[in-house]
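Data block below; observations after.
The values are calculated or read from the model by the stated rules, or taken from the named source; none is laboratory data. None of the values given here were measured: they were computed from a predicted structure. Counting neighbours? That spans all protein chains shown, and the Cβs are built from the backbone with ideal geometry, glycine included. Just the protein is used for accessible areas: all its heavy atoms, side chains included, with ligands, DNA and RNA removed. Shrake-Rupley method; radii C 1.70, N 1.55, O 1.52, S 1.80 Å.
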Amino acid sequence: MASGTIRYWAAAKAAAGTAEEPYDAADLAEALAAAQRRHADSAEFDRVLARCAFLVDGAQVGRREHASVALTEGGTVEVLPPFAGGAR
């Protein structure tokens, strides 16, 4: 388990209602599932998240399975909607 920061950009930031929040997770899938639980009252959050690209510690996740992307202590997950540089 690692602790770090999730940073939301553009539409993801608006849907989350915050620019960033902490994560406590071993991998990207866990971190995103926890974020979805925190924002369960926002259908827009799920819709936006499904279209986002992700950077983990500056490296593109691309099409890798999120469960295979390990998170690091003090790391950063960037959540990028398509018009903010993300693409799926």
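Cut-off 18 Å, label point 7 angstrom out along Cα-to-Cβ of Arg47: give me the residues of the stretch 69-83 whose amide nitrogen falls inside.
Backbone N within reach: 80-83.
With +1 on the Cβ of every Lys and Arg and -1 on the Cβ of every Asp and Glu, and nothing else charged, how large is the dipole of the chain about its Cα centre, in debye rounded to the nearest 20?
380
Just how many % of Cα pairs in the stretch 2-80 lie over 19 Å apart, if you round to the nearest whole percent?
Here the long-distance tail beyond 19 Å is 25 percent of all Cα pairs in the stretch 2-80.
Please calculate how many Å² of accessible area the chain carries per residue, with a 1.4 Å probe and no DNA, RNA or ligand atoms counted.
Value for the chain: 55 Å² per residue.
Could you give the length gained by full extension between Arg64 and Ala40, i.e. 0.36 nm per residue of separation minus their alpha carbon distance, to one decimal place?
Fully extending the segment from Arg64 to Ala40 adds 6.2 nm.
Taking every DSSP beta bridge that has both residues in the chain, what percent is antiparallel when rounded to the nearest 5?
In the chain, approximately 75 percent of DSSP beta bridges are antiparallel ones.
Assuming 0.36 nm per residue, please report the length gained on full extension of the stretch Glu73 to Ala29 beyond their Cα-Cα distance.
14.3 nm
Excluding the sites themselves, what is the longest stretch of the chain that contains no GluC sites (Glu not before Pro) in a DSSP loop with at most 12 other C-beta atoms within 10 Å?
1-64
Considering only protein heavy atoms and a 1.4 Å probe, what is the carbon-and-sulfur percentage of the accessible area of the chain?
Roughly 52 percent, rounded to a whole number.
Taking only C-alpha pairs under 8 Å that are 6+ residues apart, what is the relative contact order of the stretch 18-67 in percent?
36 percent.
Take every Cα pair under 8 Å in the chain that's 6+ residues apart, average their separations, divide by the length, and report that relative contact order as a whole percent.
Worked out over the chain, it gives 40 percent.
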